[in-house]
Amino acid sequence: AEFVAIEKAAASFPRQLPDRDFTYGTAGFRMRADLLPSIMFTVGLLASLRSKKCNGNTIGVMITASHNPAEDNGVKLVDPMGDMLNVDWEWYAAGLANARDPEKLRNGYMHCINKLKVDRSAPSKVIFARDTRPSGATLVKALTAALDAVKTPYIDYGYATTPQLHYLVRATNTVNSQYPYGEVSEEGYYKKLAEAFNRAMEFAKPNGAVTVDCANGVGAPKLKELIKHLPKDKLTINIINDQIENPDKLNNRAGADWVKTQQRGFEGFDGKPLDRYCALDGDADRLVYFFNEEGKVFRLLDGDRIATLAASFIGDLVRKAGLDNDITLKVVQTAYANGAATKYVEQVLKLKVECTPTGVKHLHHVAAQADIGVYFEANGHGTVLFSERALKTIRKHDPQSPAQLTALDTLKALCDLINQTVGDALSDLLLVEVVLAHKEWTVADWLGTYKEFPNKLGKVNVRDRGMYQTVPGTAERRLQSPPQVQIELDNIVKKYRDGRCFVRASGTEDAVRVYGEAAEAYDVDDMVGSVMSVIS
Ligand code: NG1
Ligand code: ZN
């Protein structure tokens, strides 16, 4: 009966673009919203199976296209502990999404049950949420039609940021454990962050105001809610770009992606010298800071800067708490991290750096293996992970002096303040503010920690990005095919002082990216330009 119900319900969501194959990438499925209903339906089926496979633990479905234009949408699955869908299942997600008609979908569903050894009689539960895109409501209908067809119970959390949904999934599944992640509600999320922020600020002086560009997305109303829970006397948060009722405004000349890629503020930005600004993206899982220097010189403090700031502060706390023999810190970056940031972490902070391929799942995975793993992509997506081992050590540590005690208390507060499931702009925002307050730093002090190498990120659109393959184990820093491209690249790069350059296929666009750094800005433009002309 279940199979019949699926086939019948699927008929209401016919497959678009039958010639195209959809893939489940880092960002899940993402495309023009009108192509998505059939895919949403199949995601509902897979979420149900995933929940059954995970002993009835709750699975999350987030409907968002993050920093992409308003007319796009997307969907990604969240595993029981709040991390991203197990990679082995991505292939099955794509398989179902590409089923050409309801009958093939039904067969695909049966195939998944067999291949993944799912016990169909197991319980299942799904929770979901969406960003402010108008298409979200239609997509929810496709998702719930599938969940109804397979009789999987669900909760619709309405609008939420991506990290809030991750929080809710983990909170739901840990409710009866020794260390519940938090109360299972949006309110519980705010309470947890606010309470931890309060503790983390106990030994710090308030440090002025920050203005947050919310990209006209879901981060705006959610940040407003969070502010209601925060202590009034410790931090002033001003909100701009909060027009969620006008979908055209979403991510439009505003938000973290705009600021990072354009290297300038949102439209109309006119910051007074040294006033602190930051920007979220459309689903509030990315954060970058920025400000104007004297003379309106724009300065960006991106994910690399947040990583170095967090690592320096947490490293100090570990030391001051007397835990540096027991806990080690690691910073995880991609090849796009500025070489000066890497150098600063290794030589000044004296911490280990590991470089992984692009994509949050790679960084997250490596960071999770460290005692404390700090990971950020340059675009502002990242977090700090505390391992079970580190948490145990921190909990049972007996401080030997008042100074050790205050450091330990602040460290404990950070364990709760920092979202452990995924990069979270709201949580990261509070983290940065805590660190700046403790260090009594302005944005200029923060920027002054190291000087970035001049750099440039270029993009060449190509018909077949699959042609561009990197050498395994090089974190995408060298190409193995086409072979002559790497040879020509090497010949170009050696002409420039401190030149570094690499080419890799984008995982999200039909393009290859060319990233370069050199000692001089004019050299970088020249070098990256020459490499780009080798490709096109
Ligand atoms: P691709 O298109 O694979 O380079 C981009 C970003 C990633 C990551 C993903 C997902 C760069 C250079 N790449 O990946 O960091 O965020 O999108 O959003 O910024
Ligand atoms: Zn995002």
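The values are calculated or read from the model by the stated rules, or taken from the named source; none is laboratory data. What you see is a predicted model, and the numbers here were worked out from it, not measured in a lab. FYI the Cβ positions are ideal-geometry reconstructions off the backbone, even for glycines, and counts take in every protein chain you see.
The lone criterion from (1) away from ligand 2 (no atom under 16 Å from the Cβ); (2) out of contact with any helix residue (DSSP H, G or I) (no Cβ under 6 Å at 6 or more places or on another chain) left unmet by Val331 is number (2). Can you report the number of residues in segment 275-313 which are more than 16 Å from ligand 2 (Cβ to nearest atom) and within 29 Å of Leu351 (Cα to Cα)? Count: 17. For the residues Glu517, Glu509, Glu476, the requirement of being in contact (Cβ under 8 Å) with a residue 24 or more places away in the chain, within 16 Å of ligand 2 (Cβ to nearest atom) and within 19 Å of Ala335 (Cα to Cα) singles out Glu509.
To keep it simple, each residue is scored yes or no on (1) more than 16 Å from ligand 2 (Cβ to nearest atom); (2) at pLDDT below 95; (3) in a helix (DSSP H, G or I).
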site	(1), (2), (3)
Ala337	yes, no, no
His362	yes, yes, yes
Gly380	no, no, no
Val384	yes, no, no
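Might you let me know whether segment 336-344 holds any residue that is aliphatic (A, V, I, L, M), buried (at least 20 other Cβ atoms within 10 Å of the Cβ) and in the same structural domain as Val366 (by TED's automatic domain parsing)? Within segment 336-344 (the criterion being aliphatic (A, V, I, L, M), buried (at least 20 other Cβ atoms within 10 Å of the Cβ) and in the same structural domain as Val366 (by TED's automatic domain parsing)), the answer is yes, since at least one residue qualifies. For segment 151-193, the set of residues classified as among the hydroxyl-bearing types (Ser, Thr, Tyr) and in a helix (DSSP H, G or I) consists of Thr162, Tyr167, Thr172, Tyr189, Tyr190, listed by residue number. Pairs linking a residue in segment 47-61 that is of a type in the set (D, E, K, R) to a residue that is in a helix (DSSP H, G or I) and modelled with pLDDT of 95 or more, with Cβ atoms under 8 Å and 6 or more positions apart or on different chains, are Arg50/Trp89. Inclusion of Arg15 among residues that are away from ligand 2 (no atom under 16 Å from the Cβ), closer than 18 Å to Ser135 by Cα and not assigned by TED's automatic domain parsing to the domain that holds Gly219 is warranted. Taking only segment 479-506 into account, find how many residues are more than 13 Å from ligand 1 (Cβ to nearest atom) and in contact (Cβ under 8 Å) with a residue 40 or more places away in the chain. Qualifying residue count for the region: 6. Looking only at segment 152-162, decide whether some residue is surrounded by 19 or more Cβ atoms within 10 Å (Cβ to Cβ) and in contact with a Gly (Cβ under 7 Å, 6 or more places away or on another chain). Yes, segment 152-162 contains a residue that is surrounded by 19 or more Cβ atoms within 10 Å (Cβ to Cβ) and in contact with a Gly (Cβ under 7 Å, 6 or more places away or on another chain). Segment 423-536 holds strands (runs of 3 or more DSSP E) entirely within its bounds, and those carrying 3 or more residues that are in contact with a helix residue (DSSP H, G or I) (Cβ under 7 Å, 6 or more places away or on another chain) map to 455-461, 500-505, 511-517.
Residues of segment 222-232 include none that is modelled with pLDDT of 95 or more, in the same structural domain as Ala200 (by TED's automatic domain parsing) and in a strand (DSSP E or B). The set of residues in segment 18-33 being within 18 Å of Leu46 (Cα to Cα) and either charged (D, E, K, R) or not assigned by TED's automatic domain parsing to the domain that holds Val75 (or both) consists of Asp21, Arg30.
You will find that of Ala284, Ala204, Ala196, Ala215, the residue that is modelled with pLDDT of 95 or more, assigned to a loop (DSSP other than H, G, I, E, B), surrounded by fewer than 23 Cβ atoms within 10 Å (Cβ to Cβ) and aliphatic (A, V, I, L, M) is Ala204 and no other.
Given the structure, is Thr58 under 16 Å from Gly28 (Cα atoms) and among the hydroxyl-bearing types (Ser, Thr, Tyr)? Here the answer is no, as Thr58 does not meet what is asked.
Among the residues of segment 288-302, some residue qualifies, meaning at least one is within 13 Å of ligand 1 (Cβ to nearest atom), crowded, with 24+ Cβ neighbours inside 10 Å, at pLDDT 95 or above and not basic (Lys, Arg).
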